[in-house]
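Asker: First the structure, which I've put down as structure tokens, then a few questions once you've had a look.
The values are calculated or read from the model by the stated rules, or taken from the named source; none is laboratory data. All of these numbers come straight from a predicted model, not from anything done at the bench. With ideal geometry, Cβ positions are generated from the backbone for all residues, glycine too; neighbour counts draw on all protein chains shown. For the accessible areas, the whole protein counts, side chains as well, though only heavy atoms, and no ligand, DNA or RNA atoms are used. Shrake-Rupley method; radii C 1.70, N 1.55, O 1.52, S 1.80 Å.
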Amino acid sequence: MFLFGGSMKLKFALVLFFLAVCGICFSQTKQSEEEDISRFVERYDNAWNHKDTAAIERILAPDYVYFSSKGQVRSRQSLLEELLSPKYKLASAERIEVKVYLTLGTAVVSSRWKGHGTYDGQEFHDDQRCSIVLALGKQGWLVLSEHCTQIVAP
């Protein structure tokens with residue numbers, strides 16, 4: 001009854017109020033989703049850093065693909081084999097400058113990944129700009145694809 005009577009200014013003010021509340025709710029929901037995705041990427045990194053292949057197998061999509069900075073296209077199986085290889089030893093790793101871009105059940109996570117260790121006895125020191133493409137599935141987020149490019153000092 002209240003909305004049908006009263007002044008136009010009051011009705012307009014109420015509509016603006018409800019739109020503002022909806023906007024705040026949407027903003028908080030998006031921020032919460034971005035935080036969930038950031039935590040998911042942290043779990044992914046932790047699993048990788050500890051060679052937790054069971055966790056990595058749950059995290060990677062069945063059709064996962066990795067695009068290397070050298071132009072290689074690597075499969076999920078290839079990546080799992082590298083992780084399990086005694087030739088691959090990661091001494092330290094950190095992901096910083098994380099930014100989540102989220103739309104329609106898909107997320108792209110931009111980050112800077114720094115790590116060092118050895119592979120087949122050769123030392124490596126990586127400082128890379130990376131993108132991780134995630135998709136929201138029935139069981140939660142999955143990593144569909146990654147691409148990392150070495151950051152070359154000017």
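Asker: Any chance you could count how many residues in the stretch 74-99 are within 17 Å of Gln128 (Cα to Cα) and hydrophobic (A, V, I, L, M, F, W, C)?
Answerer: Summing the residues that are within 17 Å of Gln128 (Cα to Cα) and hydrophobic (A, V, I, L, M, F, W, C) in the stretch 74-99 gives 5.
Asker: Right, another one. Can you find a residue in the stretch 94-105 that is open to solvent by 60 Å² or more (accessible area, probe 1.4 Å), assigned to a strand (DSSP E or B), at pLDDT 95 or above and hydroxyl-bearing (Ser, Thr, Tyr)?
Answerer: So far as the stretch 94-105 goes, yes, one or more of its residues are open to solvent by 60 Å² or more (accessible area, probe 1.4 Å), assigned to a strand (DSSP E or B), at pLDDT 95 or above and hydroxyl-bearing (Ser, Thr, Tyr).
Asker: Report, by residue number, each residue of the stretch 35-77 that is open to solvent by less than 40 Å² (accessible area, probe 1.4 Å), under 14 Å from Ser145 (Cα atoms) and modelled with pLDDT of 95 or more.
Answerer: Val41, Tyr44, Ile56, Ile59, Leu60, Ala61, Tyr64, Val65, Tyr66
Asker: Filter the stretch 134-154 down to residues that are assigned to a strand (DSSP E or B) and on the phi < 0 side of the Ramachandran plot, then give me how many there are.
Answerer: Qualifying residue count, the stretch 134-154: 14.
Asker: In the stretch 125-136, is there at least one residue being touching an Asp or Glu at 6+ places or on another chain (Cβ under 6 Å) and over 17 Å from Thr149 (Cβ atoms)? Steps first, answer last, please.
Answerer: Taking the stretch 125-136 and keeping what is touching an Asp or Glu at 6+ places or on another chain (Cβ under 6 Å), we get 132.
Okay, now just the ones that are also over 17 Å from Thr149 (Cβ atoms), so none.
No, that holds for no residue.
Asker: Would you point out the residue of the stretch 118-154, among those that are in contact with a His (Cβ under 9 Å, 6 or more places away or on another chain) and under 18 Å from Glu82 (Cα atoms), that is surrounded by the most Cβ atoms within 10 Å (Cβ to Cβ)?
Answerer: Asp126
Asker: What do you reckon, is Val133 in contact with a strand residue (DSSP E or B) (Cβ under 8 Å, 6 or more places away or on another chain), β-branched (Val, Ile, Thr), within 20 Å of Gln31 (Cβ to Cβ) and modelled with pLDDT of 95 or more?
Answerer: no
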